[in-house]
Structures are given as C-alpha cells and as structure tokens.
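The values are calculated or read from the model by the stated rules, or taken from the named source; none is laboratory data. Quick caveat: nothing in here was measured; it's all calculated off a predicted structure. Using ideal geometry, Cβ is built from the backbone for each residue, glycine included, and neighbour counts are taken over all protein chains shown.
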Amino acid sequence: MLKKLRFFRSRFSSSRACLATIAALLVCVVSLGCGKKKDARATPAETARRSLETALAAWQNGSPAGEIASASPPIQVVDSVWLKGRKLDSYEILNETTEADGVRNFSVRLKLANPSASEETQYIVKGISPVWIYRKEDHKRSQSWNGY
C-alpha cells in the first residue's frame, strides 16, 4: 500500500496537478455520456414517409383511426382529429425533418370535410414495428402525466 502511495505522490507532486488530472478525467467521463444518440428503433426515412402516406390514404378512404395491421410494417396512428370522425378530403406532405435521436417530423397540409377546413399540422413518426404516427399535439399529451 505504501509503495502505491509513494508512486501516486511521485506522479502528482502538487495538489494542483492532482486536481487538474481529476477534473480532466471527470470531463472525459461526462462527455462520453452526454449527447443524444440515434435510437436503434428510429424509423428509416423511406419507411417513415411511406407509413405516413399509407396512414393518410387510409384516413382519406374512410378507415378508422388506430391500427393499420395490413400495412408492412404495421402502423399505429394516434390522431385525435381523425379519431373524432373528421373526414379527410386530401393531404400534402410539405417537408420532413429528423431530430438528433432519429425521430422523424413531417409537416402536412390537410383538407378536411364536414365542416370544410384546411390546416397545416405536424406528424411525428417513430418506431420499427409497429411504426407509430402521432399528430404532434397528441404526442405531447401522451408524454405528459395527465394524458388525454
């Protein structure tokens, strides 16, 4: 034990050098654990877009909101407007962005019927099987403690 202590003292003759070394080690350890990493379950870009198009086409064709099991991979849709029974006349995917963790965001223009309205909304697409598609405000509610 004394030999180890002597070695340590000879390597770090001043307390300032010792503190600097410890601080450098802490910075290294913290920096390794920081930063968002891409989720292994992140939806590939092509699959995300195809899944969103499939879901919106199903809505346009009168399918109920929720699970689209016939799709490959299966799709689960969480959209309160669709769930309330609003009809979709048409849609246009405007753009796509990807967050650091791989979650895909789409801006979509929807033309709704009964009553007729046009709106621009955001959809969040994530997961592999099933692929989850959330209207952005529904995703926020699902992440809160209060839920719906």
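Quick check on my filter: what residues within the stretch 81-93 are among the aromatic types (Phe, Trp, Tyr) and either over 13 Å from Ala57 (Cβ atoms) or not in a strand (DSSP E or B) (or both)? Residue satisfying the conditions is Trp82 alone.
Listed conditions (1) modelled with pLDDT under 95; (2) within 18 Å of the chain's Cα centre (by Cα); (3) at negative phi; (4) not polar (S, T, N, Q) are all met by Gly102, apart from (3). Within the stretch 72-100, how many residues are within 18 Å of Pro130 (Cα to Cα) and touching a residue at least 24 places away in the same chain (Cβ under 8 Å)? Within the stretch 72-100, residues that are within 18 Å of Pro130 (Cα to Cα) and touching a residue at least 24 places away in the same chain (Cβ under 8 Å) number 7.
Using the structure shown, decide if Ala42 is among the aliphatic types (A, V, I, L, M), in a loop (DSSP other than H, G, I, E, B) and touching a residue at least 40 places away in the same chain (Cβ under 8 Å). Yes, satisfied. Restricting the stretch 45-80 to residues that are in a helix (DSSP H, G or I) and touching a Ser or Thr at 6+ places or on another chain (Cβ under 8 Å) leaves a set whose member that is surrounded by the fewest Cβ atoms within 10 Å (Cβ to Cβ) is Ala45. Filtering the stretch 81-93 to residues that are closer than 17 Å to Glu53 by Cβ, over 22 Å from the mean Cα position of the chain (by Cα) and either outside the structural domain of Ser129 (by TED's automatic domain parsing) or surrounded by fewer than 16 Cβ atoms within 10 Å (Cβ to Cβ) (or both) leaves Asp89, Ser90.
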